[in-house]
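Here's the structure, in structure tokens; my notes come after.
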Amino acid sequence: MYSDDQRVVITGVGLAAPNASSLSEFREKLINGISEIEEVDLRYFGKAPAGTCRFEETRYRKKKENKKGTRAGCIGVYCSHEALRDAGLEPGSYARDRIGVYVGLTEHGTVETENEIYNIKGYGYDVSYWTHHHNPRTVLNNPAGEITMSLGITGPHYSIGAACAAGNASLIQGVQMLRLGEVDMAIAGGLSESTGSFGIFASFKSQGALADADDPRQACKPFDVNRNGIVVSEGGCIYILETLTRARTRNARIYGEIVGYAMNSDAKDPVLPFWERQVQCMQLALDRAAMTTTDIDLISTHATGTRQGDNEECRAIRSLFADSPQTYVNNTKSIIGHAMGAAGVLELAGNLGSFEDGLVHPTINVTELDPACALDNLVINEAVQSRGIGTILNNSFGMMGINSVLIVRKNIL
Amino acid sequence: MTRDDIKDLILEIIEDIDDEADFDDLDPDKPLRDQLDLDSMDFLDIVMELRKRHQLQIPEEDYPHLATLNSCTAYLEPLLKEA
């Protein structure tokens, strides 16, 4: 058992998703299954469905800073300020050198590098026209660093590179640093600017893993028999993490406690997932939370809409949760696409509202459920009113065989 | 380019960098960075824009000439005489 000084709770959430710029708006859109995925036209690549965020970019910093920085930094600054505001905090509420900023990224620098090569093409590839902003924009700590500069935070900041498990991994880092007493507050979450890179779309396409549909809102269809791949989205979601002691001292609103987490590696294949290791990862998180499968009310799946990825995760869940058919299962990517480094944290945030209203938002775009994905209590196409959600298990997996699981509990026991 | 043209060019470049830049009380003999919200990277943007717009390759040792609006204009005048 951890002491209250080592128990970590979520007290604020700020986000930018393709269909929302606040947690309440996000929740409403998810419950109603409203997707705002659109067709975009990418340099060299052409048209593809994608998720683009529409938040007020100059709410918290000048246009000049947005031009100088990166898209991920811009999203991160917005989400961080929103999260602090949501938590009822200001940067000065804690000693500025006792706040840590941990940002999960799937990749970073791809967009900026592509843009610069395109820029110097206009000057006959003369590299004297290569921007001096390239290095500060592409160092891997860039988005976290932009957040510290905007908020005046002088504690540690860095990125967690963990493919599409990065969002969960950043929250785990925040929990660990709080427990170690390295910081008094963690600003942790995930960001993605991947829609700015034609190469990311082209690589998924070459891999046979990019979604395609006449209606872009219907392109991402996890668990459907006709699913055909990933919809790339940009996005961000930043959490304020505090110890239970400090949150209680300031009478903070608490969304829930991070009671369990786990990460492991498939050690098998660069891109193909592996259900047995996913089972081990979920089991480890349950063990750390001192829970069994029947204690989990809702599983927020990672499923991206690829044939094998969805199959593997469903096999893992079916295997581990065989004795817990009442556990609800849903999927958020069907509505917002795959926000890469922000995916896990956005998907968890989208489900936090179920602690209050008991509603489980649906996996949309399931026209014909794949029998391999027909899990017992899978919520498809329409939201379900449960008798109450008290625990969420949040899966997030990624390339190079990285797996991550978070368990969040509503009640502070 | 005349001296006035060059001044306008510099102010236009700064405005592109920061559309909120306020030139009303700008003293042409005081360093630009002391009066405007410009950091070292923004300053290099001015150098890059001069390169892009007028193919000027300003050597690093000449950067101090770009400190104030007047010194900048004086430095650029012969370079942009034909522009």
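No lab work stands behind these numbers, since they all come straight from the coordinates. Model, not experiment: these values are computed from the prediction. In this analysis, Cβ positions are derived from the backbone assuming ideal geometry, glycine residues included, and neighbour counts consider all displayed protein chains.
Arrange the following residues from fewest to most other Cβ atoms within 10 Å of their Cβ: A:179, A:253, A:387, A:71.
Numbers: A:179 15, A:253 12, A:387 7, A:71 22.
Least to most surrounded, the residues fall as A:387, A:253, A:179, A:71.
Report the paramagnetic label zone for residue A:119: residues of the stretch A:131-148 whose backbone N is under 20 Å from a point 7 Å from Cα along the Cα-to-Cβ axis.
A:131-147
Taking GluC sites (Glu not before Pro) as exposed when DSSP calls them loop (any state but H, G, I, E, B) and at most 15 other Cβ atoms lie within 10 Å, what is the longest stretch of chain A free of them, the sites themselves excluded?
On the way: sites that count: A:56, A:182, A:368, A:382.
It runs A:183-367.
Hey, could you get me the Stokes-Einstein D for the stretch A:261-413, Kirkwood radius over alpha-carbon pairs, 20 °C and 1.002 mPa s, rounded to whole µm² s⁻¹? Don't skip to the answer; put the middle values down first.
Numbers: Rh = 15.3 Å.
It diffuses with D of about 141 µm²/s by this estimate.
Just rank A:78, A:118, fewest to most, by other beta-carbon atoms within 10 angstrom.
Values: A:78 27, A:118 12.
In increasing order of surrounding Cβ atoms, one gets A:118, A:78.
With charges set only on the Cβ (+1 for Lys and Arg, -1 for Asp and Glu), what does the dipole of chain A come to about its Cα centre, in debye to the nearest 20?
Numbers: 38 positive and 48 negative charges, 186 e Å.
I would put it at about 900 debye.
Add -39500 (n - 2.57) for each DSSP H run of 4 or more in the protein assembly as shown, then divide by its residues: what number comes out at 222 nm, to the nearest 500 deg cm²/dmol?
Numbers: 18 runs with 179 residues, N = 496.
Value at 222 nm, helices only, nearest 500: -10500 deg cm²/dmol.
R0 = 45 Å: FRET efficiency of residue A:249 with residue B:3, Cβ-based, nearest 0.05?
Numbers: r = 63 Å, r/R0 = 1.41.
For residue A:249 and residue B:3, the calculated efficiency is 0.10.
The stretch B:38-82 to the stretch A:343-413: how many Å between their Cα centroids?
Each part reduced to its Cα centre gives a spacing of 56 Å.
Please report the antiparallel percentage of the DSSP beta bridges confined to the protein assembly as shown, to the nearest 5. Kindly include the intermediate steps, with their values, before the conclusion.
Working: 44 of 68 bridges.
Looking only at bridges with both residues in the protein assembly as shown, the antiparallel portion is about 65 percent.
Loop sites only, by DSSP: take the GluC sites (Glu not before Pro) in chain B that have at most 15 other C-beta atoms within 10 Å and name the longest stretch containing none of them. Numbers along the way, then the final one.
Details: sites that count: B:20, B:82.
It works out to B:21-81.
Among A:326, A:264, A:372, which residue has its Cα furthest toward the positive end of the charge dipole of the protein assembly as shown, with +1 on Lys/Arg Cβ and -1 on Asp/Glu Cβ?
The listed residue farthest towards the positive side: A:326.
With a point put 7 Å past each Cα toward its Cβ, work out how far residue B:22 is from residue B:65 in nm, to one decimal.
3.2
Taking only Cα atoms of chain A, what ratio of Rg to Rh do you get with Rh as the Kirkwood inverse-distance radius? Could you put the intermediate results ahead of the total?
Values: Rg = 20.0 Å, Rh = 21.0 Å.
Rg/Rh: 0.95.
Using a 10 Å cut-off around each Cβ, can you sort A:61, A:98 from fewest to most neighbouring Cβ atoms? Working shown, then result.
Working: A:61 19, A:98 15.
Starting with the residue having the fewest Cβ neighbours, the order is A:98, A:61.
Could you give the dipole magnitude of the stretch A:16-65 about its Cα centre, charging the beta-carbon of Lys and Arg +1 and that of Asp and Glu -1, in debye to the nearest 20?
Numbers: 10 positive and 9 negative charges, 68 e Å.
It works out to roughly 320 debye.
Pop the C-beta distance of residue A:308 and residue B:52 into the FRET formula with R0 = 45 Å and round what comes out to the nearest 0.05.
Values: r = 47 Å, r/R0 = 1.05.
The calculated FRET efficiency here is 0.40.
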